[in-house]
Amino acid sequence: MAKIRHIALTAKDPDAVAAFYKEAFDMEEVRRSDNGAVFLSDGYINLAILNYKTNDDADVGPNGPNYDGIHHLGFQVDDLESASAKLDKVHGKRLQSKDAVDAAMGPQGPRNFEMKWAGPSDQVIDISHTGWQTSK
């Protein structure tokens, strides 16, 4: 069974949103990216606070660019190929090509690798076999 391990918010000011969640819920900051995203955790779930998406992003999502709120969910799966087959079977929409996955992205590959999909309402979904960072 896949497990929800990642929730991503998009925000105009990721720093301010991260400060809110750290203060209100004692979440731990586990890292920051070069593009300003802040990643928090409760030790179990990874909460990513991302900059706004734009129309140029393949995963802009059904709410369009400059959206404040929950952008996508991430499911940790045992096997990307099997999970992808299930998503194909239920008419999930790939937001990246099959060619984006190669041997370098196997379980021994980079940490936090994820594939982008969309569900029936175009809600963005990540699947990952490596999971998301939940501690420093």
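First measure r as the distance between the Cβ atoms of Asp79 and Ala16, then evaluate 1/(1 + (r/R0)^6) with R0 = 30 Å and state the FRET efficiency to the nearest 0.05.
Efficiency for this residue pair is about 0.20.
Cross-link check: pairs Lys22/Lys93; Lys86/Lys136; Lys3/Lys136; Lys12/Lys136; Lys116/Lys136; Lys22/Lys86 evaluated at a Cα-Cα cut-off of 27 Å; pairs beyond the cut-off: Lys22/Lys93; Lys86/Lys136; Lys22/Lys86.
Across the stretch 66-77, rounded Karplus estimates of 3J(HN,Hα) from the backbone phi angles (6.51 cos²θ - 1.76 cosθ + 1.60, θ = phi - 60°) give 6, 9, 9, x, 5, 9, 7, 10, x, 10, 7, 10 Hz, Gly and Pro being marked x. Peptides 74-80, 18-24, 120-126 ordered by packing proxy, namely the average of other Cβ atoms within 10 Å per residue, highest first: 74-80, 120-126, 18-24.
Using only side-chain charges placed at the Cβ, +1 for Lys and Arg and -1 for Asp and Glu, the dipole size of the chain relative to its Cα centre rounds to 240 debye. The three principal axes of the C-alpha atoms in the chain carry coordinate ranges of 41, 32, 26 Å, sorted with the longest axis first. For His71, the residues whose amide H sits under 5 Å from its own are Ala8, Leu9, Thr10, ignoring neighbours fewer than 5 places away on the same chain, with H placed 1.01 Å from N. Between the Cα long axis of helix 14-25 and the first principal axis of the chain there is an angle of about 80°, rounded to the nearest 10. Simple rule: put +1 on each Lys or Arg Cβ and -1 on each Asp or Glu Cβ in the stretch 3-128, find the dipole, and look at Ala11, Phe39, Val60; the Cα lying farthest toward the positive end is Val60.
Cα gyration tensor of the stretch 26-97, axes a ≥ b ≥ c as square roots of the eigenvalues: rounded (a/c below 1.5), prolate (a/b > b/c) or oblate? The shape class here is oblate.
Since every read-out is calculated from the coordinates, none of them should be taken as a lab result. No experiment lies behind these values; they were computed from the predicted model shown. FYI the Cβ positions are ideal-geometry reconstructions off the backbone, even for glycines, and counts take in every protein chain you see.
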